[in-house]
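The values are calculated or read from the model by the stated rules, or taken from the named source; none is laboratory data. Computed from a prediction, not measured in an experiment: that's the story for all the values here. Positions of Cβ are generated from backbone atoms using ideal geometry, with glycine treated the same way; all protein chains shown enter the neighbour counts. These area figures cover heavy atoms from the full protein model, side chains too; ligands, DNA and RNA do not enter into them. Shrake-Rupley method; radii C 1.70, N 1.55, O 1.52, S 1.80 Å.
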Amino acid sequence: MICTIFTTDQAGGMGHKGTMPWPHHREDMEWFKELTEGHVVIMGRKTWDDPKMPKPMPKRINYVVTNRPIGLRGVHTISGNWLQRVPEIERLHTGKKIFIIGGPELIEQVKPITDFAYVTYRRGNYRCETRINMFDYVTKMRAISSRPSTDKLLNFCVFRNIESDIPLHEGLS
């Protein structure tokens with residue numbers, strides 16, 4: 001199963017100067033951890049280079065889309081046409097979900113083969129130069145669940161690609 005997981009503000013903002021522009025939110029971090037631990041995460045080089053990003057992400061199989069070597073044991077790199085490699089990575093890691101975690105270019109490129117998108121909407125607009133067009137992104141997606149954080153600052157949503165053949169209940173686990 002191929003998924004995306006990311007946080008965006010109300011204007012589609014995702015990043016500022018190489019990192020997230022908002023403070024960490026415990027529930028958002030817990031949701032990310034609960035969903036991705038024990039699975040595969042694929043990220044772009046800029047996401048990998050985020051100073052707040054643990055390297056490698058613990059208890060996950062880490063892949064970085066880059067043409068430069070990473071130099072850390074246990075971190076896999078993908079170069080060239082990375083999108084063609086995603087189904088191959090999925091077959092290689094049977095029984096694990098594949099999560100594309102950023103940046104927005106990778107998330108948008110993988111959308112046609114994405115089964116589920118786990119999106120945290122953050123209330124407000126932040127200073128961001130890295131954005132995703134959420135109107136375009138959720139086209140051909142159906143919201144299957146939504147719940148607010150306890151402080152109502154976040155809304156955790158799950159979308160299913162309407163062209164996916166994965167059963168609906170798979171995205172809710």
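What to note about this one:
- Any hit, the range 49-57, residues being in a helix (DSSP H, G or I), of a type in the set (A, V, I, L, M) and free of Cβ contacts under 8 Å to residues at least 60 places away in the same chain: no
- Pairs linking a residue in the range 59-76 that is closer than 14 Å to Asp49 by Cα to a residue that is among the aliphatic types (A, V, I, L, M) and open to solvent by 30 Å² or more (accessible area, probe 1.4 Å), with Cβ atoms under 8 Å and 6 or more positions apart or on different chains, are Val64/Ile70.
- Residues in the range 84-134 that are open to solvent by 50 Å² or more (accessible area, probe 1.4 Å) and assigned to a strand (DSSP E or B): Tyr121, Arg131.
- Lone unmet requirement of (1) at pLDDT below 95; (2) open to solvent by less than 20 Å² (accessible area, probe 1.4 Å); (3) not charged (D, E, K, R) for Asn161: (1)
- For Thr19, the requirement of being over 16 Å from the mean Cα position of the chain (by Cα) and hydroxyl-bearing (Ser, Thr, Tyr) is not met.
- Failed item, numbered, when Thr150 is tested on (1) under 18 Å from the mean Cα position of the chain (by Cα); (2) not in a strand (DSSP E or B): (1)
- Among the criteria (1) under 29 Å from His169 (Cβ atoms); (2) open to solvent by less than 40 Å² (accessible area, probe 1.4 Å); (3) modelled with pLDDT under 95, the one Met53 does not fulfil is (1).
- First in the range 83-112 and farther than 27 Å from Met20 by Cα and in contact (Cβ under 8 Å) with a residue 60 or more places away in the chain, second anywhere and of a type in the set (A, V, I, L, M) and open to solvent by less than 30 Å² (accessible area, probe 1.4 Å), Cβ under 7 Å, 6 or more apart: Glu90/Ile2; Glu90/Ile98
- Residues satisfying the stated conditions in the range 58-83, i.e. open to solvent by less than 40 Å² (accessible area, probe 1.4 Å), at pLDDT 95 or above and part of a loop (DSSP other than H, G, I, E, B): Arg60, Thr66
- Residues of the range 1-44 satisfying the condition of being among the charged types (D, E, K, R) and surrounded by 15 or more Cβ atoms within 10 Å (Cβ to Cβ): Asp9, Glu27, Asp28
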